[in-house]
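**Student:** Below: one structure in C-alpha cells.
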Amino acid sequence: VGTGISSDYNVAIGYSASGYSYGTAVGYGAYGYNSGAAVGYSANGFNFGTAVGVGAYGPDSGAAVGYNASGSSSGAAVGYYASGSNSGAAVGYYASGYNSGAAVGYYAKGVGYGVAVGYQAGYNIDTTADRYNTLIGAYSGYRLTTGIGNILIGYQTGYDPTYSPTTGSYNILIGYNAWTPATTTSNFLNIGGLIFGTNLSTATNT
C-alpha cells in the first residue's frame, strides 16, 4: 500500500512507498518528494531529483541509477555505488565525480573540474579541493593525491609508485607507463619516454 500526501498529484505504488508534493514513488519503501521520482526498493528521489535502483539516492535535481547509486546537487551517477555530486558525473562501479568533475570506469575518480576515464583512473586523488586533472587510461593518475592541472594519457601513466606524480602539478605525460623523475615533479613533459621537457610554464603563449 502506498501513500500520497500534500497534493492530488502524487503517485505511490508499492508497500510503504511514499509520494509527496508532486512526487512519484514506485517500489517497497520508495520515497518521492517535491517533484522527485524514485523507482526501486528504498529508492529516494526528492527536490526534483531522480533515483532508480535499490537504495538509489537522487536529491536536489540529482540523478542516480543503480544499486546504492548517489546523484546529488545536480550530479549524475550511473552504476553500482556510483557517486556524482555538485554537478559531477560518474559512470561505473564505484565511480566518483565531484564538483563538476567527470569519472567513467571502475573506481575512476574525477574531482574539481577534472576528468578521469579508465579503470581506477585517479583512484587516490584527494577530493577536498579542485584539481583540474585530465586522466585517460586504465590506472592513469592512480598515484595522484593533491597534484593539480596534470594531463596523463595512457595505460598506467602515473601508476609507478616511485616515478609518478603524487603532489606534482602541471605535468604532461603521454604514453604507456609514462613517468616523472619524482613524485613531486611539476611542469614536466614526457611523451613516450622519448620527448622530454622541463620547467614548462603555465603562462599563456609561453
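The values are calculated or read from the model by the stated rules, or taken from the named source; none is laboratory data. Quick caveat: nothing in here was measured; it's all calculated off a predicted structure. When we count neighbours, we look across all protein chains shown, and the Cβ atoms used for this are built from the backbone with ideal geometry, even at glycine. The accessibility values were calculated without ligands, DNA or RNA, using every heavy atom of the protein model including side chains. Shrake-Rupley method; radii C 1.70, N 1.55, O 1.52, S 1.80 Å.
**Student:** Report the relative contact order of the chain, percent, no decimals, based on alpha-carbon pairs under 8 angstrom and at least 6 residues apart.
**Tutor:** Once normalised by length, the contact order is 7 percent.
**Student:** Still on this structure, I have one more. Which ³J(HN,Hα) values in Hz, rounded to whole numbers, follow from the phi angles of the range 27-35 under the Karplus curve 6.51 cos²θ - 1.76 cosθ + 1.60, where θ = phi - 60° and Gly and Pro get x?
**Tutor:** x, 4, x, 5, 9, x, 9, 6, 6
**Student:** For the pair residue 155/residue 16, report the inter-label distance in nm, with labels modelled 7 Å from Cα in the Cβ direction.
**Tutor:** 4.8
**Student:** Taking the highest mean first, how do the peptides 90-103, 150-163 order by number of other beta carbon atoms within 10 angstrom per residue?
**Tutor:** The packing order, highest mean first, is 90-103, 150-163.
**Student:** Using R₀ = 45 Å, calculate the FRET efficiency as 1/(1 + (r/R₀)^6) where r is the Cβ-Cβ separation of residue 41 and residue 162; round to 0.05.
**Tutor:** So the FRET efficiency works out to roughly 0.45.
**Student:** For the chain, what does the accessible surface come to per residue with a 1.4 Å probe? Please give it in Å².
**Tutor:** Per-residue accessible area for the chain comes out at 45 Å².
**Student:** Then there's this: Divide the volume of the convex hull of the Cα atoms of the range 63-171 by its number of residues and quote the answer in cubic angstrom per residue.
**Tutor:** Value for the range 63-171: 63 Å³ per residue.
**Student:** Counting DSSP beta bridges in the chain, what percent are antiparallel, to the nearest 5?
**Tutor:** 5
**Student:** Express the relative contact order of the range 7-81 as a whole percentage, based on alpha carbon pairs under 8 Å and six or more residues apart in sequence.
**Tutor:** Here the relative contact order equals 16 percent.
**Student:** How far apart, in nanometres, would the label points at residue 34 and residue 201 be if each is projected 7 angstrom from Cα along the Cα-to-Cβ direction?
**Tutor:** For the pair residue 34/residue 201, the computed spacing is 5.0 nm.
**Student:** Then there is this: In 10 Å bins starting at 0, how do the alpha-carbon pair distances of the chain split up by percent?
**Tutor:** 12, 31, 23, 16, 11, 6, 1
**Student:** Can you find, among 27, 91, 151, the residue farthest towards the positive end of the dipole of the chain? Put +1 on the C-beta of Lys and Arg, -1 on that of Asp and Glu.
**Tutor:** 151
**Student:** Right, here's the next one. Considering only protein heavy atoms and a probe of 1.4 Å, how much of the accessible area of the chain is carbon and sulfur, as a whole percent?
**Tutor:** Here it works out to 56 percent.
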